[in-house]
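Heads up, the thing below is written out as structure tokens.
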Amino acid sequence: MGTENLLAGKRVLVFGVANERSIAWGISQAMHAAGARLAFTYLNEALERRVRPLAEGIGSELILPCDVTNEAQVREVFRAVQEAWGGLDILIHAVAFANKEDLEGRFVDTSRDGYLKAIEISAYSLVALAREAEPLMKENGGSIITLSYYGAEKVVPNYNVMGVAKAALEASVRYLAADLGPSAIRVNAISAGPIKTLAASGIRGFRGMLGIAEEKAPLRRNVTQADVAGAALFLCSDLGAGVTGETIYVDAGYNIMGM
Ligand code: NAD
């Protein structure tokens, strides 16, 4: 099916592109192809060197620094978007972080600092960004999506504190959807199967996860950035107009299997 005009003229702000493998980059390319205008943020100068050429390659007008733990930077991003575009239609949140030592071994050994850091960057940031987006989306409604993983629901070895952060993220999606729904702002999560990215490489035994997913998933394969992007297009376009507060699995069916 052609998607050329699905998001014609829509203004999209993307958090979470690190490189061309990023899930957020797959979503961005699909939204660009669907007629959207995109703005990007990057975490730091090292990543700016990766993100800027990608963003400029699809004609991005706004490329801004943003560490989601820096409130001033977050505010400045939304101020700049409001100034340039006079509003916002779609927000992509594809940001997560946990200390490497917290993504291996026993969850019970997670430090206070590691726990709070994972929750702050991976879950609270959605709340902070949604709060800033609300006034920019209020006039015409909008759509916010975030990325989650099965480890939010079930114990996945080594995913540990990130599973707890994703559980908080998915619950935050529901509470945000309830708050923002009256302003026609929809909030949803996509729970993606494992995909080889920079963030994924921080999880011990990630290659094994890819192998197991491929073997056990009903579709007998792993998902791609394009698979996730397809669901993002659905959720953020009028096709998903009646959907909010959901966590939608894009995992080749892995999560439905009992044994
Ligand atoms: P990625 O490394 O490409 O993206 C993670 C992004 O988070 C990076 O762009 C990084 O700069 C950003 N980030 C980290 N700390 C930040 C901070 N303090 N401020 C702003 N940005 C920060 O990896 P990805 O796999 O594309 O991850 C995107 C999202 O998808 C994450 O939420 C991840 O948990 C989720 N996810 C990934 C998989 C997978 O297997 N790759 C599966 C399910 C869900």
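The values are calculated or read from the model by the stated rules, or taken from the named source; none is laboratory data. All of these numbers come straight from a predicted model, not from anything done at the bench. All Cβ positions, glycine included, derive from the backbone under ideal geometry; neighbour counts span all protein chains shown. Areas reflect the complete protein model, heavy atoms only, side chains present, ligands, DNA and RNA absent. Shrake-Rupley method; radii C 1.70, N 1.55, O 1.52, S 1.80 Å.
Ignoring ligands, DNA and RNA, what accessible area per residue does the range 111-259 give at 1.4 Å, in Å²?
Ligands and nucleic acids excluded, the figure is 47 Å² per residue.
Met162: accessible area at probe 1.4 Å, nearest 10 Å²?
Estimated to the nearest 10 Å², Met162 gives 10 Å².
Hey, which of these cross-link pairs are over 21 Å Cα-Cα: Lys117/Lys196; Lys117/Lys216; Lys154/Lys216; Lys100/Lys166; Lys10/Lys138?
Working: Lys117/Lys196 23 Å; Lys117/Lys216 33 Å; Lys154/Lys216 16 Å; Lys100/Lys166 16 Å; Lys10/Lys138 14 Å.
Cα-Cα > 21 Å for Lys117/Lys196; Lys117/Lys216; rest within.
Arg52 accessible area, nearest 10 Å², 1.4 Å probe?
Counting only protein heavy atoms, Arg52 exposes about 80 Å² to solvent.
Angle, helix 45-57 long axis vs. longest principal axis of the chain, Cα atoms, 0 to 90°, nearest 10?
With rounding to tens, the tilt is 60 degrees.
Restricting to DSSP H runs of at least four residues, report the calculated mean residue ellipticity at 222 nm for the chain, -39500 (n - 2.57) per run over all residues, nearest 500 deg cm²/dmol.
Values: 8 runs with 104 residues, N = 259.
Result for the chain: -12500 deg cm²/dmol, rounded to the nearest 500.
With a ≥ b ≥ c taken as the square roots of the eigenvalues of the C-alpha gyration tensor of the range 11-249, please select rounded if a/c is under 1.5 and otherwise prolate if a/b is larger than b/c or oblate if it is not?
Values: a/c = 1.44, a/b = 1.39, b/c = 1.03.
It comes out rounded by the Cα gyration axes.
State the Cα centre-to-centre distance between the range 11-69 and the range 158-229 in whole Å.
One Cα centre to the other: 19 Å.
Roughly speaking, what is the stretch gain from Lys196 to Glu139, that is 0.36 nm per residue apart minus the C-alpha to C-alpha distance, in nm to one decimal?
Working: separation 57, 0.36 × 57 = 20.52 nm, distance 3.80 nm.
Taking Lys196 through Glu139 to full extension adds about 16.7 nm, to one decimal.
What's the angle, to the nearest 10 degrees (0 to 90), between helix 225-236's Cα axis and the longest principal axis of the chain?
Here the helix axis deviates by roughly 50 degrees.
Could you rank the peptides 64-74, 106-116, 121-131 by their average count of other C-beta atoms within 10 Å per residue, with the highest value first?
Numbers: 64-74: 15.7, 106-116: 12.8, 121-131: 21.1.
For the peptides 64-74, 106-116, 121-131, the packing ranking is 121-131, 64-74, 106-116.
How large, in percent, is the carbon and sulfur part of the accessible surface of the chain at a probe radius of 1.4 Å?
Numbers: 6410 of 12280 Å².
Using a 1.4 Å probe with all protein chains present, the chain comes out at 52 percent carbon and sulfur.
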